[in-house]
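Heads up: the structure comes next, in structure tokens.
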Amino acid sequence: MLHPSYTDLINAVNSEVEPGEQPVVQSRYSIVVAASKRARQLIDGEEPLVAGSNGKKPLSIAIDELYHQ
């Protein structure tokens, strides 16, 4: 099971959107695409943006980054 859930992840990414503005993420598909792109960047050598990522897989780090941005 994915932790955080898709709903929690979408809410976290859209948390700074003002009422009436277009949400940054509108679907599960866009969350998956964003996490996938970030995981590929991590695999290519970019540094993680969250602490405590030692031993975690790139996709787990990418999801943590999206949730804690």
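Are any of the residues in the range 44-56 assigned to a helix (DSSP H, G or I) and of a type outside the set (Phe, Trp, Tyr)? No, that holds for no residue.
Checked against the criterion of being surrounded by 16 or more Cβ atoms within 10 Å (Cβ to Cβ) and in a loop (DSSP other than H, G, I, E, B), the range 28-40 contains not a single residue that satisfies it. Taking the range 41-65 as the range and being crowded, with 16+ Cβ neighbours inside 10 Å and over 13 Å from the mean Cα position of the chain (by Cα) as the test, only Ser53 passes.
Laboratory data are not the source of any read-out in this text; all were calculated from the coordinates shown. These figures come from a predicted structure and were not determined experimentally. Methodologically, a virtual Cβ is constructed for each residue, glycine included, from the backbone with ideal geometry; neighbour enumeration extends over all protein chains shown.
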